[in-house]
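Structure, as structure tokens:
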């Protein structure tokens, strides 16, 4: 792996806050729980919109115009998840930066997911107003859910490939 | 008796293969995490709607009707994958106090979900959400966050999982 990345990882994991988290019995799991709580809000608000676009659920209910209203909570969840994720990363940055599953997750899957997410967020208000959800909206909604599932897959695989 | 069942589960060759094979064990974990995110996230949206913090242009009953099938669907996946993970080291979980805490908190959280689902249309007909509904929504969010904290503490403090 690129030498400068490893030097950066080494520097990061020796920051006082990273050492403090690593050295404490309770801090690390609490940071993990923070990451997961943020992810729940992030993925949950995404799923609510995508599921609504897919039109699944009760047929009798009209399409929901959710994307605008969930926007703030969506990004609050993202901010919590990134904060928790960054702290987890800091604790063993050097190891993560040489882990192919982590690099794929952070370098490829998350950027892709974010691009698709922002596109959906911009288009969703129009899609949601249409009397019939356009096919492209359904494809986008399904693709986004699958893409975040891939992100979770890469995350779970980090210890398996490390 | 319970320990007996735990031993039997752990020695069950089918369950042992699932937990002993890297890719199936990883797949089970992925399902467990992802279904948890959807389950907790959607439930938090319903709770926030009861609290009046999200989706006020949405009808609370319709929002709940739309999201609850997905909440229960995710719970089914979450339970099944969680059970498979449990079965692989059942006797270790049997002796694990924090695991009991996690199950207890999760169970109460599920009961809170059920109450919200049952009552939301009634609350929705009132001029404002009643105070105890809002309290229940706050408790529900707290319980799910508590379940997540207890969940990460199981491997962190005891090395099981």
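Tabulated values for the structure
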quantity	calculated
Count of residues meeting criterion [closer than 21 Å to residue A:110 by Cβ and within 14 Å of chain B (Cβ to nearest Cβ)] in the range A:6-40	10
Matching residues, the range A:149-162, being part of a helix (DSSP H, G or I), over 15 Å from residue A:35 (Cα atoms) and more than 7 Å from chain B (Cβ to nearest Cβ)	A:150, A:154, A:158, A:159, A:161
Test for residue B:85: is it farther than 30 Å from residue B:17 by Cβ and surrounded by fewer than 21 Cβ atoms within 10 Å (Cβ to Cβ)	no
Checklist (1) buried (at least 17 other Cβ atoms within 10 Å of the Cβ); (2) in a helix (DSSP H, G or I) applied to residue A:65, failing item	(2)
Residue list for the range B:11-32, restricted to those being within 10 Å of chain A (Cβ to nearest Cβ) and in contact with a helix residue (DSSP H, G or I) (Cβ under 8 Å, 6 or more places away or on another chain)	B:22, B:25, B:26, B:28, B:29, B:30, B:31, B:32
Residues being surrounded by fewer than 19 Cβ atoms within 10 Å (Cβ to Cβ) and within 22 Å of the chain's Cα centre (by Cα) - total across the range A:126-144	4
Single residue of the range B:134-152 satisfying the filter (more than 13 Å from the chain's Cα centre (by Cα) and under 17 Å from residue B:108 (Cβ atoms)) that is farthest from the other protein chains (Cβ to nearest Cβ)	B:135
Tally, over the range B:54-75, of residues that are touching a helix residue (DSSP H, G or I) at 6+ places or on another chain (Cβ under 8 Å), under 30 Å from residue B:160 (Cα atoms) and more than 11 Å from every other protein chain (Cβ to nearest Cβ)	1
Candidates B:81, B:35, filtered to the one that is touching a helix residue (DSSP H, G or I) at 6+ places or on another chain (Cβ under 9 Å), within 29 Å of residue B:134 (Cα to Cα), within 13 Å of chain A (Cβ to nearest Cβ) and in a helix (DSSP H, G or I)	B:35
Any chance residue B:46 is touching a residue at least 40 places away in the same chain (Cβ under 8 Å), touching a helix residue (DSSP H, G or I) at 6+ places or on another chain (Cβ under 8 Å), buried (at least 21 other Cβ atoms within 10 Å of the Cβ) and within 30 Å of residue B:132 (Cβ to Cβ)	yes
Filtered residues of the range B:50-75 (kept if in contact (Cβ under 8 Å) with a residue 24 or more places away in the chain and assigned to a loop (DSSP other than H, G, I, E, B))	B:51, B:52, B:59
Qualifying residue in the range B:14-26 (condition: on the phi < 0 side of the Ramachandran plot, modelled with pLDDT under 95 and not in a helix (DSSP H, G or I))	yes
Some residue of the range B:104-126 being closer than 23 Å to residue B:18 by Cα and part of a loop (DSSP other than H, G, I, E, B)	no
Meets criteria (within 14 Å of chain B (Cβ to nearest Cβ) and within 23 Å of residue B:152 (Cα to Cα)) for residue A:91	yes
Residues being buried (at least 20 other Cβ atoms within 10 Å of the Cβ) and without any contact (Cβ under 8 Å) to a residue 60 or more places away in the chain - total across the range B:113-126	0
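The values are calculated or read from the model by the stated rules, or taken from the named source; none is laboratory data. Keep in mind that what you see is a predicted model, and the values were worked out from it rather than measured. Don't worry about glycine lacking a Cβ; one is built from the backbone with ideal geometry, like all the others, and counts go over all protein chains shown.
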